[in-house]
Amino acid sequence: MDYKDLIASNLSECTGLDKDQISGLIEIPPKLEMGDFAFPCFVLAKTLHKAPPMIANELKENPELVKGFDGAVTVDCAGPYINFKIDKGILAKTVVSEIVSEGDQYGNRNIGEGKNVIIEFSSPNIAKPFHVGHAFTTILGNSLSNIYTRLGYNVIRFNHLGDYGTQFGKLITAYRLWGDEKAMQENPIDELTRIYVKFHDECKVSPEAEKELEDSARDNFRKLEEGEEEEVALWKRFRDLSLEVFEKTYKRMGIKFDNYNGESFYSSRIPAVVEMLESKGLLEESEGAKVVKLDDEGLPPCLVVKSDGTTIYASRDLAAVLYRHEEFNFYKNIYVVGLPQQLHFKQVFAVLKKAGYDFADDCVHVGFGLLKFKDNTAFSTRAGNIIKLDDFLDKTTEKTAEIIRKNSELRGGDMTDEQIAEVSEVVGLGAVTYTYLKAGREKDIFFDWDDMLDFEGDTAPYLIYTYARIKSILRKADETGVAGGSIDSAAKLTAEDEYAVIRSLADFKDAVVKAAESYEPFMISRQIALIARNFNRFYNNSRILNVDDDEVRTARLKLCEAVAFCLKSGLDMLGIGVVEKM
């Protein structure tokens, strides 16, 4: 039974407020002894013209407030709050039964059934290395895709490739001047990066050299936009070779996309966008360029066509939104792009709104902070100063393997080299992923391997190890013949340490919904971290297998099973795998 949902329904009947509004106001009291849920009556003070404590007392006496509880919930007041306390044994049995029944799909709902959600993420630039700076959008977007899918939405994962723009004019010029065909065959991204960096280095030689190279690049991009055969063929080759490299990284990280329409796909649709804006009297000349003024929205003008007649990000994004709505009739169109692009998306959405497209309100920019290392904060392809994501993942799994091998040796060498390699890949990649998702997405991330791989800290290794520890307990229970038993025994899980685990498990489903509503996967990472901490406290203070009372042992094993399922479910939503042994 979903007690929070029932409480919200009853409060809605008693107050006349919308159920969803009430659900959003219900709080978790700071201390367990205060109850499981609390409703603040401040919101009713204006309409009822009474003090919140008086309202709380009157509501408490309303028989409708306890309808359907069947004695499982008691109601009390604490000043302006109505507190709801669920019988510990009943809640324990309800929660454990539900999780064991649903398995690692616990947390799933159908609230998004029939609704299309487009999530654009990753979107690397073609012909440039996939570096650690790309990991934030890739990991965050993948997690949001997982979460929305688990909530029943039809998620369409878009990889809006950076495969167009003036940089391709530069690359074509650079390739013709300095390209090494053998290097292109062996390592295309490195070679394309080399000549791109060389282009900018050569521009620094003299103003004359810069003008000649930049003019050549602009001419090449113009030819590309006009569909000239040779320029298009080179661009297509750069794109195809880059995608082959990117796909290897995506496969390693367990990430898939439904759509790879990059900027180039929308190029042919831009004239229609320009015509539409002109027909609505929104497009104005400004120093030879075409812009949409957004003074009324408090924003600077949105540049749509540059003075040389070429297009820009905004024009391609406008075309993309119109195409996506026409093709998918999206419920939400989510862009997982860094915070520095906040103004750009405000302008694009404002232009759409001004043009009369109300679905602009369904477009969302999900921004995120910066990635920083203690000794390296700059990631610039132009400067050639980058850390490749694959190199970073390799280093992380290597460091993880050292820790796991050492632990295995302490246990007498109970893992083979092959097992260590497999576990290290899962744990290492999980450590990187969790580091991006364990705090609010707008916060900057400071990477530190010691912190990231701490098996006792707020890390993926700690969570995965907790899962593996539980699986070990359950295997021993199987081997000794004490597994099984009735789920009804879970009603005995009322001791302080046991109930803390139950309470945190019960709150997991709400955390999933909140993560989707706020576009913050850390709501889930925070919840499963709390579940793991509570479980390990219970584990350290309680006997599980060596208990004389069979019913207590069964109850605690069922609790172990529920925690394992919930951890696996939460980690999966984040994009992190688990291992059965480590």
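Since every read-out is calculated from the coordinates, none of them should be taken as a lab result. Nothing here was measured: the structure is a model prediction, and the numbers come from that model. Heads up, the Cβs are rebuilt from the backbone with ideal geometry, glycines too, and the neighbour counts pull from every protein chain shown.
Points worth noting:
- Contour minus Cα-Cα distance for L17 and R176 (0.36 nm per residue): 50.4 nm
- The angle separating the long axis of helix 417-437 from the principal Cα axis of greatest extent in the chain is about 80 degrees.
- The ranking of M54, M582, M573 from fewest to most other beta carbons within 10 Å of each one's beta carbon is M54, M582, M573.
- Calculated log₁₀ intensity ratio I(q)/I(0) where the Debye formula runs over C-alpha points of the range 3-86, q = 0.12, 0.15, 0.24 Å⁻¹: -0.29, -0.46, -1.27
- Between the residues T397, F265, L339, the greatest Cα displacement towards the positive end of the dipole of the chain, with unit charges on the Cβ of Lys, Arg, Asp and Glu, is found for T397.
- In degrees, nearest ten, helix 342-354 long axis to first principal axis of the chain (Cα): 80
- 10 Å-binned pair-distance histogram of the range 502-562 (Cα, whole percent): 22, 41, 24, 11, 2
- Counting only alpha carbon atoms, the long axis of helix 389-410 and the longest principal axis of the chain meet at about 30°.
- Expressed to the nearest 5 percent, the antiparallel share of DSSP beta bridges inside the chain is 55 percent.
- Based on every Cα atom in the range 166-242, Rg and the maximum pairwise Cα distance Dmax equal 12.2, 34 Å.
- With neighbour counts taken as other beta-carbon atoms within 10 Å, the residues W449, W235 rank, fewest first, as W449, W235.
- When Rg and the Kirkwood Rh are both derived from Cα coordinates, the Rg/Rh ratio for the chain amounts to 1.04.
- Distance between the pseudo-spin-label points of E33 and K67 (7 Å out from Cα toward the beta carbon): 3.5 nm.
- The label-point distance for K476 and K514, in a model that sets each label 7 Å from Cα toward Cβ, rounds to 3.4 nm.
- Rounded to the nearest 20 debye, dipole of the range 1-58 from Cβ charges on Lys, Arg, Asp, Glu: 260
- Computed packing ranks the peptides 281-290, 412-421 as 281-290, 412-421, most packed first, by mean other Cβ atoms within 10 Å.
- Ranked F39, F345, F535, criterion: other C-beta atoms within 10 Å, fewest first: F345, F39, F535
- Dimensionless Rg/Rh of the range 389-523 - Kirkwood Rh, Rg from C-alpha atoms: 1.03
- The charge dipole of the range 166-242, taken about the Cα centre with unit charges on the Cβ atoms of Lys, Arg (+1) and Asp, Glu (-1), comes to about 200 debye, rounded to the nearest 20.
- For the peptides 504-510, 187-193, residues were scored by their other Cβ atoms within 10 Å and the scores averaged per peptide; the highest-first order is 504-510, 187-193.
- Measure of compaction for the range 69-120 (Cα Rg per 2.2 N^0.38 Å): 1.74
- Taking Lys and Arg as +1 and Asp and Glu as -1, the other residues whose beta-carbon sits under 10 Å from that of E210 total -3.
- Only one residue of N110, F39, P129 has its Cα farthest out toward the positive end of the dipole of the chain, where Lys and Arg carry +1 and Asp and Glu -1 on Cβ, and that residue is F39.
- Among 455-463, 294-302, the order from most to least packed when residues are scored by Cβ within 10 Å on average: 455-463, 294-302
- Test item: Cα-centred dipole of the chain, Lys/Arg +1 and Asp/Glu -1 on Cβ, debye: 860
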